[in-house]
Amino acid sequence: MRKLTYFVAVSIDGFIGDPSGDANSFMPFVDEEFLGFLKSEYPETVSATGRRILGFGDDVPNQKFDTVIQGMGSYQLGLDEGEPSPYGHLREYVASRSIGTSPSANVEIVADDLLGKVRALKAEESELGIWLCGGAQIAGQLIDEVDELVLKTYPVLLGSGMPMFAGVESAVSEFELTSSRVFGNGVVVRTYSRKRGKD
């Protein structure tokens, strides 16, 4: 069984962006040290546009994931940059009832039964996992399927904004901290694994 990992940037008060979803306040903390970490451990989470800007190249192998799932809001960011397949080095799934036909052969639109699709992907045989890229709405829909959280916590207070999981009334799940790394700029990356049978 493959893992579904919610790898996400978050403020210290638990928001993944301002009320509109904008996370530009995190960008000043993406410095050389942090980029080195992403390139060595999570290169597949850098979009095609980001790879070109940062000089990653297409020869950097995926380390953790071979599949990405995102909502229309997150996918639209790539479309706005002229990237219909922003993570072409991964199998891409976009949960959306509004987009209709996929603008890229590498992107499969999931209009119905997102939960069923995710469970089928998790049941596949692969050494690499599935990256839940966002946003908050599909994270809320998939909250019980998340096996691992990798929280890139930026030293910023937003006060209000888009939560990590939207549309969830109550969900008590216990996770175990498996790793933590502190960067010189104050960013902390923590990894949590779900404790099965403790929910």
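The values are calculated or read from the model by the stated rules, or taken from the named source; none is laboratory data. Computed from a predicted structure; not experimentally measured. Virtual Cβ from ideal backbone geometry, glycine too; neighbours counted across all protein chains shown. Protein only, heavy atoms only, side chains kept; ligands, DNA and RNA dropped before computing areas. Shrake-Rupley method; radii C 1.70, N 1.55, O 1.52, S 1.80 Å.
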Percent of Cα-Cα pairs per 10 Å bin, from 0 to the last occupied bin, for the chain, please list those. 8, 35, 41, 15, 1
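What's the longest bit of the chain with no exposed trypsin sites (Lys or Arg not before Pro), using DSSP loop states and at most 11 other Cβ atoms within 10 Å as the test?
Values: sites that count: Arg97, Lys195, Arg196, Lys198.
Result for the longest clean stretch: 98-194.
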Relative to the compact-globule estimate 2.2 N^0.38 Å (N residues), the Cα gyration radius of the stretch 1-94 stands at a ratio of 1.09
Step through the residues of the stretch 160-174 one at a time and calculate ³J(HN,Hα) from phi using the Karplus curve (6.51 cos²θ - 1.76 cosθ + 1.60, θ = phi - 60°), rounding each to whole Hz and writing x for Gly and Pro. 7, x, 7, x, 5, 10, 9, x, 9, 6, 7, 8, 9, 10, 9
For Ile16, Ile130, write out the residues from largest to smallest accessible area, computed with a 1.4 angstrom probe and no ligands counted. Ile16, Ile130
Where Lys and Arg each count +1 and Asp and Glu each count -1, what net charge lies around Glu108 among other residues with Cβ under 9 Å from its Cβ? +1
Please list, by residue number, every one of the GluC sites (Glu not before Pro) in the stretch 145-181 that is coil in DSSP and has at most 14 other beta-carbon atoms within 10 Å. Glu169, Glu174
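Quick one: pull the percentage of alpha-carbon pairs in the stretch 48-88 with a separation above 14 Å. Write out the running numbers ahead of the final one.
Values: 437 of 820 pairs.
Percent of Cα pairs beyond 14 Å in the stretch 48-88: 53.
For the chain, how many pairs of lysine residues have a Cα-Cα distance under 16 Å, where the two are 8 or more positions apart or belong to different chains?
On the way: Lys3/Lys64; Lys3/Lys117; Lys3/Lys122; Lys3/Lys195; Lys39/Lys64; Lys39/Lys152; Lys64/Lys122; Lys64/Lys152.
So the count of such lysine pairs works out to 8.
Once you have the Cα-Cα distance between Thr101 and Thr49, take 0.36 nm times their residue separation minus that, and quote the gain in nm to one decimal. Walk me through the numbers on the way to the answer.
Details: separation 52, 0.36 × 52 = 18.72 nm, distance 2.27 nm.
Gain on extension, Thr101 to Thr49, equals 16.5 nm.
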Taking placed amide H atoms and a strict 5 Å upper bound, the residues 5 or more places from Gly129 or on another chain that come that close are Phe65, Asp66
For the stretch 56-122, the Rg and Dmax computed from alpha carbons only, in angstrom: 12.3, 35
Which log10 I(q)/I(0) values does the stretch 88-199 give at q = 0.11, 0.12 Å⁻¹ under the Debye formula, counting every alpha carbon as one identical point scatterer? -0.46, -0.55
